[in-house]
Amino acid sequence: MLIHQTRFTAIDFESAGAARGMNDSPVQIGLATWSVNHGHQNPFVSYLYTDQPIHWSAQKVHGISSAELTDAPSLLSLWPEIKTGLSGAIIVAHGKGTEKRFLRAFPGHGFGPWIDTLHLSRAAWPELSSHSLGALCEARNLTETIQSLVPSKNWHDALFDSVASLVVLADLIETFQLAAEPVETLLHPDTSAWHRLRRP
């Protein structure tokens, strides 16, 4: 399948953080869809119930308090929304490890393949000093676009970060004129130049 024929769905979780020896737990999920032909669609965000306290270091990052999780649904109860968003899509995340780990709540879900915009951006722009999502979007002048798509939200909101990953992906596809290329072009980026630049 070619890139311009593909639906991409980004996912992001914000978490409770974990004290040593404890498992982490998601407290917010965001999903958003983008394609070359149809643009940005189907934003979805929800707080998530957790029975563990939010660690102070995590709350300092995302600002989510336990009070905001009162009456929030469980991750498992959102299966219909998650299945609708991710089924048949290429999944996008910036540093996909956390997202893949929390989706293990649904064994055998079959979602994928995955595109990691962290690895893609390192391959595309290896000279940048930071490839964190916020720093990358500032360097590429993308922040205003994200803010227009997700007004009244900011970094470390799960929907804002999901849309940001898609805006990065769209920017990369346009910059390198990849729309007519096979989607496999995005799955295994060559980050060797980025690694070479960081050798002592």
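Only the coordinates and a few stated rules stand behind these numbers; no lab work does. Every value quoted in this text rests on a predicted model; they were computed, and no experiment measured them. Cβ placement follows ideal geometry from the backbone for every residue including glycine, while neighbour counts extend to all protein chains displayed.
Using only C-alpha positions, report the orientation-averaged shadow area of the convex hull of segment 125-182, nm², one decimal. Don't skip to the end; give the middle numbers.
On the way: hull surface 17.7 nm².
Reported value for the Cα convex hull: 4.4 nm².
Taking the Cα centre as origin and putting +1 on Lys and Arg beta-carbons and -1 on Asp and Glu beta-carbons, what dipole magnitude results for segment 3-197, to the nearest 20 debye?
Details: 12 positive and 19 negative charges, 77 e Å.
So the magnitude is around 360 debye.
Give the distance, in whole Å, between the Cα centre of segment 91-107 and the Cα centre of segment 136-200.
18
Rounded to the nearest 5, what % of the DSSP beta bridges within the chain are antiparallel ones? Please list the in-between numbers first.
Values: 16 of 22 bridges.
The antiparallel proportion sits near 75 percent.
Angle check, please: helix 158-175 long axis (alpha carbons) against the longest principal axis of the chain (alpha carbons), in degrees 0 to 90, nearest 10.
Once rounded, one gets 0 degrees.
Provide Trp155, Trp194, Trp34 in ascending order of the number of other Cβ atoms located within 10 Å of each residue's Cβ, fewest first.
Details: Trp155 15, Trp194 19, Trp34 25.
Fewest-to-most Cβ neighbours within 10 Å comes out as Trp155, Trp194, Trp34.
Taking neighbour counts of Cβ atoms within 10 Å as a proxy for exposure, in what order, fewest first, do Glu144, Glu181 appear? Before the final figure, lay out the partial values.
Working: Glu144 9, Glu181 14.
The fewest-first ordering by Cβ neighbours comes to Glu144, Glu181.
Kindly write out, for segment 178-184 in residue order, the coupling ³J(HN,Hα) from the Karplus curve 6.51 cos²θ - 1.76 cosθ + 1.60 (θ = phi - 60°), rounded to whole Hz, with x marking Gly and Pro.
9, 4, 8, 8, x, 4, 4
Between Lys100 and Ser74, what is the label-point separation in nm under the 7 Å Cα-to-beta-carbon projection?
Reported label-point gap for Ser74 and Lys100 is 2.6 nm.
For Phe8, Phe44, what's the fewest-to-most ordering of other Cβ within 10 Å of each Cβ? Walk me through the intermediate numbers first.
Working: Phe8 22, Phe44 19.
The most exposed by this proxy come first: Phe44, Phe8.
Per residue, how much space in cubic angstrom lies within the convex hull of the C-alpha atoms of segment 66-172? Numbers along the way, then the final one.
Numbers: hull volume 13.3 nm³, N = 107.
Per residue, the Cα convex hull of segment 66-172 comes to 125 Å³.
Kirkwood Rh, segment 3-197, all Cα pairs: how many Å? List each step's numbers first, then the result.
Numbers: mean 1/r = 0.0580 Å⁻¹.
About 17.2 Å for segment 3-197.
May I ask which residue of Ile29, Thr50, Ala93 lies farthest towards the positive end of the charge dipole of segment 1-130, with charges of +1 (Lys, Arg) and -1 (Asp, Glu) on Cβ and the Cα centre as origin?
Sorting the options by dipole projection puts first Ala93.
Sorted from largest down, give the three principal axis spans of the alpha carbons of segment 37-117, whole angstrom values.
The principal-axis extents, from largest down, are 39, 26, 25 Å.
Mark the label point 7 Å from the Cα of Gln5 along Cα→Cβ and return the residues of segment 167-200 whose backbone N is within less than 17 Å of it.
What the label zone holds, given the 17 Å backbone N cut-off, is 178-187.
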